[in-house]
Amino acid sequence: MAQTTNADSAQGTAVAAVVRVAFQGELGAFGDEAVRSYFGAQLQLKPEPIPYRTFAEVFRAVSAGEVDHGLVPVENSQAGSINDVYDLLRQHDLFVTGEIVHPVNHCLLALPGQSISDIKRVISHPQALAQSDVYLRELGVEIVATYDTAGSAKMVYEEQLEGVAAVAGAGAAERYELNILAHGIQTIKDNYTRFIALSREPAPRQAGSAKTMLVMATAHQPGTLNKCLSYLSDNQINLIKLESRPSRQRPWEYVFYLDLEGHRDDPVVRNALADLAGQTIFCKVLGSFARSL
């Protein structure tokens, strides 16, 4: 559970609560940076980032109470949606309680003394490799996918891999004592990843604009999805994003993830959700929270 440090409690001085936050990857990864930005700078808490190897382990850790929260990416402005996370949202009984859009600036990292001409292989997470594809093709090197950006930097450092470079952030270079051979190698320079916060409890209502995430399944019949979406337009609700994923129950049937403007407690959103409940096979609100995008 979240804790509050007590160094100044006798004087009644307010101190930040310490929260344990799970993320996928190694310390120094973009997920680690996003944890510190969202829970630290934005929420004014004292985050303790806890690394896990996979997204599934992050969801499990939050569900089991090993950590207070999780932070996982759902989409990148260049590479698109992260399907594994969408599938896990449906599989776990957790709430989405917030979001942060975090800039992603990829660098090429290698051991001290190495130059770009020495590099024969580049390793990183598949998303980072995809986001840097133009630069990497021009290098003419072997490309190898790994489980994490910072994890790749850690591998280069721990195994002292000469001729091997990692695609990761500048923070990973500092943490694992690597040199930056090239900055900003992503194909699209304005590169951002949207992360969502996970918790076992819903977020309290806050002032300002809100966003609601939900997942639903419709009957496999012509016009059912269109009718569901009409409930949103009839209530003057802006649909921000629509994502489909296989239902995993029958071939070619899908579930739909929606991002809506507004809070589930707003009258218009509440009316639309009531309409959707009567038209869908199932409809689950994943969370309503302060909107940042």
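Miscellaneous remarks
- Evaluation of residue 263 against (1) in a helix (DSSP H, G or I); (2) without any contact (Cβ under 8 Å) to a residue 60 or more places away in the chain (one fails), failing number: (1)
- Residues satisfying the stated conditions in the range 195-235, i.e. among the hydroxyl-bearing types (Ser, Thr, Tyr) and closer than 30 Å to residue 31 by Cα: 199, 209, 212
- Selected residue (criterion: farthest from residue 94 (Cα to Cα)) from residues of the range 225-238 that are touching a strand residue (DSSP E or B) at 6+ places or on another chain (Cβ under 9 Å) and open to solvent by 60 Å² or more (accessible area, probe 1.4 Å): 233
- Of residues in the range 267-292 being of a type in the set (Ser, Thr, Tyr) and out of contact with any His (no Cβ under 6 Å at 6 or more places or on another chain), the one most open to solvent (accessible area, probe 1.4 Å): 292
- The residues of the range 203-224 that are surrounded by fewer than 16 Cβ atoms within 10 Å (Cβ to Cβ) and either under 22 Å from the mean Cα position of the chain (by Cα) or farther than 23 Å from residue 264 by Cα (or both), listed by number, are 204, 205, 206, 209, 219, 220, 221, 222, 223.
- Restricting 135, 147 to residues that are on the phi < 0 side of the Ramachandran plot, open to solvent by 10 Å² or more (accessible area, probe 1.4 Å) and touching a residue at least 60 places away in the same chain (Cβ under 8 Å) narrows the list to 147.
- When residue 61 is tested against the conditions (1) within 12 Å of residue 92 (Cβ to Cβ); (2) touching a residue at least 40 places away in the same chain (Cβ under 8 Å); (3) not basic (Lys, Arg), the lone failure is (2).
- Verdict on residue 246 being more than 22 Å from the chain's Cα centre (by Cα) and either among the aliphatic types (A, V, I, L, M) or surrounded by fewer than 16 Cβ atoms within 10 Å (Cβ to Cβ) (or both): no
- Applying the condition of being under 21 Å from residue 31 (Cβ atoms) and acidic (Asp, Glu) to the range 154-189 and asking which residue is most open to solvent (accessible area, probe 1.4 Å) yields 174.
- Any chance residue 198 is in contact with a Pro (Cβ under 9 Å, 6 or more places away or on another chain) and of a type in the set (A, V, I, L, M): no
- Residue 11 being surrounded by fewer than 21 Cβ atoms within 10 Å (Cβ to Cβ), within 28 Å of residue 153 (Cα to Cα), at pLDDT below 95 and over 12 Å from the mean Cα position of the chain (by Cα): no
- Cβ separations smaller than 6 Å between residues 6+ apart or across chains give the following pairs from the range 279-293 residues that are among the basic types (Lys, Arg) to residues that are modelled with pLDDT of 95 or more and assigned to a strand (DSSP E or B): 284/215; 291/210; 291/211.
- Looking at the range 87-126, the strands (runs of 3 or more DSSP E) lying wholly inside it that each contain 1 or more residues that are surrounded by 15 or more Cβ atoms within 10 Å (Cβ to Cβ) and touching a Lys or Arg at 6+ places or on another chain (Cβ under 8 Å) sit at 95-103.
- Test: residue in the range 184-196 that is in contact with a Cys (Cβ under 7 Å, 6 or more places away or on another chain) and either farther than 19 Å from residue 53 by Cα or not polar (S, T, N, Q) (or both): yes
- Of the listed requirements (1) open to solvent by 40 Å² or more (accessible area, probe 1.4 Å); (2) modelled with pLDDT of 95 or more; (3) part of a loop (DSSP other than H, G, I, E, B), residue 63 misses just one: (3).
The values are calculated or read from the model by the stated rules, or taken from the named source; none is laboratory data. Bear in mind that the values here come from a model prediction, so they are computed numbers and not experimental data. Cβ sites come from the backbone with ideal geometry, for glycine too, and all protein chains shown count toward neighbours. What goes into the accessible areas is simple: the full protein's heavy atoms, side chains included, and nothing from ligands, DNA or RNA. Shrake-Rupley method; radii C 1.70, N 1.55, O 1.52, S 1.80 Å.
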